[in-house]
1. What span do the alpha-carbon atoms of segment 80-140 cover on each of the three principal axes, reported in whole Å from largest to smallest?
2. Enumerate the helices in the chain for which the Kyte-Doolittle hydropathy averages -1.0 or more and the C-alpha atoms extend at least 20 Å along the helix's axis, using complete DSSP H runs.
3. Considering the convex hull of the alpha carbon atoms of segment 1-78, report its projected area averaged over all viewing directions, in nm², one decimal.
4. Which length gain, in nm to one decimal place, applies between Arg87 and Phe26 when the Cα-Cα distance is subtracted from 0.36 nm times their residue separation?
5. Full-extension gain between Ala102 and Ser78, please, as 0.36 nm times their residue separation minus the C-alpha to C-alpha distance.
6. Label points 7 Å out from Cα along the Cβ direction at Ser56 and Arg115: separation in nm?
7. For segment 90-107, in order, what is each residue's ³J(HN,Hα) by Karplus, 6.51 cos²θ - 1.76 cosθ + 1.60 with θ = phi - 60°, in whole Hz (x at glycine and Pro)?
8. Extending each Cα 7 Å along its Cβ direction at Ala44 and Met1, get the distance between those two points in nm, one decimal.
Amino acid sequence: MLLTRAAVPMMREAGWGRIINNTTSFRTMLRVLPYGATKAALEASSAVWAAELAGSGITVNVLIPGGPTDTPFIGAESGWARDAMLRPSVMGPPLAWLVSDAAGDFTGQRIIAARWDNSLTGAEAAARAGRAIGWPELGADAVWLTAKNS
């Protein structure tokens, strides 16, 4: 978050920038402290930044692996078989596309790297592997937005 705060003024001056944050699954956010709560805050912040920076030439997106990933963060006691985990390299193709000029209009999205299809164009793969950052479907509980207060 501090890096984004420091980099945005320079990106604004350049009229171009890419912010790509790595969060985690919603389930992990709800069950692993403090890691999950920190990732939830980063995801929510990313949604706000994407809205605030819309039209500035700066995109803000989130990239997640899509499951347990074979990194030192997951210890042997986790119960996950290492050979069944995603490889960290799954992040490479969507990350390369997100930093490219081709992704200049793609912002406010969350990409699940394990769903990225390399046989598609970047935009097509992103559309299939992505969804809006955060949890916009949870907005349905904002009664004050949809009904008059009684």
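1. Rounded to whole Å, the extents work out to 37, 33, 17 Å.
2. Values: long enough: 35-53 (26 Å, 0.45).
Span-like helices, by this rule, are 35-53.
3. 5.8 nm²
4. 20.0 nm
5. Using 0.36 nm per residue and subtracting the Cα-Cα distance, I get 4.8 nm.
6. Taking the simple label geometry, Ser56 and Arg115 are separated by 2.8 nm.
7. Calculated HN-Hα couplings, in order: 4, 6, x, x, x, 5, 4, 5, 4, 8, 7, 5, 4, 9, x, 9, 9, 8 Hz.
8. 0.9 nm
FYI, it's all coordinate maths here, none of it is from the lab. Predicted, not measured: the structure shown is a model, and the values here were computed from it. Neighbour counts run over all protein chains shown; Cβ positions are idealised from the backbone, glycine included.
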